[in-house]
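Colleague: This is the structure, below, for whatever I ask next.
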Amino acid sequence: MPTRDIAKSTISASGQRLADERAEATAESVSVADIVSAIEEDIVLNRVHPKERLVEEDLMQRFAGKRHVVRQALFQLENAGLVERIKNRGAFVKSYTPEEVEGIYVMRELLEEAAADRIPMPAPPALIDALTAIQSQHSTAVESGDLRAVFHHNIAFHRTLFAACGNDYLADTVNEFAQKAHAIRFIGTTDRQAILLARDEHLAMIDALKQQDRAELHRLCYQHLQPSKERYLHLYRLREGG
């Protein structure tokens, strides 16, 4: 082969290797956490529905990720209670039975009451300031109809509130059960009236802290949980013909 052709062939091969390396880097740049966060959003914002199949090949194409990264993300979502994997069938958005929903919400009520009991009264000014700032962003997102921002600011509000209990194990467990409920809460996160009610209850929680009214804080935390549970159970009964 002439020297010029050899050089061209070498350059072509080098270019192909570079393209392959770039494609590999792009695939590897998508983290498990990125995929988990995106699918979690899809579930909460009602883009995918209970019992809907999550196809690995589709997710690989969507996220430009390798199969093992997608599978690890699905594994984490399964551990979080948002996805269920059925042998020989694949991964599906979790569909909770009424008994499972009741069990999750009993735990949420107990955990959040225990955390609310341990929030200092009077509440530290830094806590009031932090909650007020987050709620301002949440309220702005509600008014603009930015459901993605509503979802994320809502999480930030509750994590900040219950972190103030001073017990990291308790706060983490509150967050764990709140995450499980994402597959239950999806109706309330896209319903305008439900979002407005949640906003108002957040503001009332801040006021209860300012007034040092622990009993009212307990009542609000309990009340805040009920609509999403009841909506899910109602939809389940309609879907299953019950």
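Colleague: Whole-Hz ³J(HN,Hα) for each residue in the stretch 66-81, computed from phi via Karplus 6.51 cos²θ - 1.76 cosθ + 1.60 with θ = phi - 60°, x for glycine and proline: what do you get?
Modeller: Result, rounded to whole Hz: 6, 4, 5, 6, 4, 5, 5, 5, 5, 4, 5, 5, 5, 4, 7, x.
Colleague: May I ask you to evaluate 6.51 cos²θ - 1.76 cosθ + 1.60, the Karplus curve with θ = phi - 60°, for each residue of the stretch 39-52 and list the ³J(HN,Hα) values in order in whole Hz, giving x for glycine and proline?
Modeller: Result, rounded to whole Hz: 5, 4, 4, 4, 5, 5, 8, 6, 7, 10, 10, x, 6, 6.
Colleague: Moving on to the next point. Any chance you could run the full-extension gain for A114 through T132? It's 0.36 nm times the residue separation minus the Cα-Cα distance, nm to one decimal.
Modeller: Gain in length upon complete extension: 4.2 nm.
Colleague: Enumerate the calculated ³J(HN,Hα) couplings along the stretch 123-130 in order (Karplus 6.51 cos²θ - 1.76 cosθ + 1.60, θ = phi - 60°), each rounded to whole Hz, writing x wherever the residue is Gly or Pro.
Modeller: Running phi through 6.51 cos²θ - 1.76 cosθ + 1.60 with θ = phi - 60° gives 5, x, x, 4, 5, 4, 4, 5 Hz.
Colleague: Can you sort F75, F162 by how many other beta carbons sit within 10 Å, fewest first? Mind dumping the intermediate values first?
Modeller: Working: F75 15, F162 24.
The fewest-first ordering by Cβ neighbours comes to F75, F162.
Colleague: Let me ask you something else. May I ask you to derive the relative contact order of the chain, considering only C-alpha pairs under 8 Å and at least 6 residues apart, and to give it as an integer percent? Please report the intermediate quantities before stating the final value.
Modeller: Details: 249 pairs, mean separation 54.9, N = 242.
Reported relative contact order: 23 percent.
Colleague: Something else about it: D for the stretch 120-214, whole µm²/s, Stokes-Einstein with Kirkwood Rh over alpha-carbon pairs at 25 °C and 0.890 mPa s: what number?
Modeller: On the way: Rh = 13.9 Å.
The calculation lands on 177 µm²/s.
Colleague: Could you give the distance between the Cα centres of the stretch 82-106 and the stretch 157-219, to the whole Å?
Modeller: Rounded to whole Å, the Cα centres lie 23 Å apart.
Colleague: Just from its helices, what would the mean residue ellipticity at 222 nm be for the chain, if runs of 4 or more DSSP H residues each count -39500 (n - 2.57) and the sum is divided by every residue, rounded to the nearest 500 deg cm²/dmol?
Modeller: Per the formula, -25000 deg cm²/dmol.
Colleague: How large are Rg and Dmax for the chain when only the alpha carbon atoms are used, in Å?
Modeller: 23.1, 88
Bear in mind these aren't lab numbers, they're just calculated from the coordinates by the rules spelled out. The model shown is predicted, which means the values in this text are computed figures rather than measured ones. Here the Cβ is made from the backbone with ideal geometry for all residues, glycine too, and neighbour counts use every protein chain on show.
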